[in-house]
Amino acid sequence: MKKFKILNNLNYTDDDIVKVVNDIHESGYGKLESVLSKTLCEDLANAADDIEKDKLKLIEQKSLITKTLSKSIKNGQIFIRNVILDKPELFMPLIDLKPIMLVLEKIFKDIFILDGLGISKSQKITKRKFTITPPHVDSHIVSPNKNHILDIVACICLDDFTKYNGATKVWPKSHKSGVLVHKDPKYKNKIPSGAIDLICSKGDIFFFTGQTWHQIGENRNNKRRWGILSHYKRWWIKPSMDYTKCGKNIFKKLNDTQKILLGFTSRSPSPTSGRLKTILDISKLSDDYEKAITS
Ligand SMILES: O=C(O)CCC(=O)C(=O)O
Ligand SMILES: [Fe+2]
């Protein structure tokens, strides 16, 4: 069985990686420019459009129950989870993209997993009663200490992100504030000042820490704005999606890094297993899917 293809021809240098890691520590966010080719981004964005059409049709026919998507649409965002399972050939090679791995290794200095991956698009709000998702953090707790970053979000920009089509907003240095902005009564009906728009070109990848305040920007010109949002966490945090349920056909095509990211080597042992530790060395993981998820 052939593995998922590896994406080569990525544009970045070791210095770029060092700089973006420093920026993330210093400001709570950072950006790598022109990493993926424009044609690859266009292909992925068109595939995202197709997935969106399919899902919306299924929602209309009431044959798809997806609270995440239906809820997000109302708030000026199309957010579709699990595209790595819907179209694995296209999206799986992106979870372990080399420059993203290099950045995360330097920040976590520990094993990390994929918490969740979704495609996200800012959508013009047509109904008055809906409002854009407020500023928030993606982490569950604040962890302002540089060595205690629990999670990182990486966004691969498939379209240009501009001031007018809903570029993501971040609050520089908010990662050190110790405040969960969406839970703080001070910001209940008040947008904090100091946000900047993450203006990007298609092919750029930006990162922010899980505790950095951020918000999807409002799409005012109706121009498409797809991003692939991948959320990575330290291995001992329960991920929001159990990707070990991906099935044997996908499992067989994963490389070792992808297996680690999808949680196959950080499953708690089954009661019948003789295993003591939660972390399993990748060399000990069975190639047989059933064994891999029951040991
Ligand atoms: O797509 C974006 O700009 C950000 C979306 C976001 O913050 C989220 O889905 O948690
Ligand atoms: Fe978020």
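Before moving on, here are some points about what is shown:
- About its Cα centre, the dipole of segment 141-246 is roughly 280 debye, where the only charges are +1 on Lys and Arg Cβ and -1 on Asp and Glu Cβ.
- Candidates TYR29, TYR12, TYR243, ranked by Gaussian network fluctuation over the chain, Cα under 10 Å, top entry: TYR12
- The calculated pair-distance distribution of the chain uses every alpha carbon pair, bins of 10 angstrom beginning at 0, and gives 6, 27, 35, 24, 7, 1 percent.
- If R0 is taken as 30 Å, the Cβ-Cβ distance between LYS2 and GLU42 corresponds to a FRET efficiency of 0.75.
- Dipole magnitude for the chain: computed about the Cα centre from +1 point charges on Lys and Arg Cβ and -1 point charges on Asp and Glu Cβ, it is near 1160 debye.
- With K and R counted +1 and D and E -1, the other residues having a Cβ less than 11 Å from that of GLU218 yield a net charge of +4.
- Of all aspartates and glutamates in the structure, those lying under 19 Å Cα to Cα from LYS291, and not within fewer than 8 positions of it along the same chain, are ASP242, ASP256, ASP281.
- GNM flexibility winner over the chain from ILE196, ILE84, ILE260 (Cα, springs under 10 Å): ILE196
- For the chain, calculated [θ]222 nm from helices alone, where every DSSP H run of n ≥ 4 adds -39500 (n - 2.57): -7500 deg cm²/dmol
- Stretchable slack from LYS223 to THR278, in nm (0.36 nm times residue separation minus alpha-carbon distance): 15.2 nm
- Note on ASN189/LYS127: beta-carbon distance plugged into 1/(1 + (r/R0)^6) with R0 of 25 Å gives a FRET efficiency of 0.80.
Throughout, read-outs are computed from the coordinates displayed, never taken from laboratory work. Given the structure is predicted, the values throughout are model-derived calculations rather than measurements. Because the Cβ atoms are built from the backbone with ideal geometry, glycine has one as well, and the counts that use them run over all protein chains shown.
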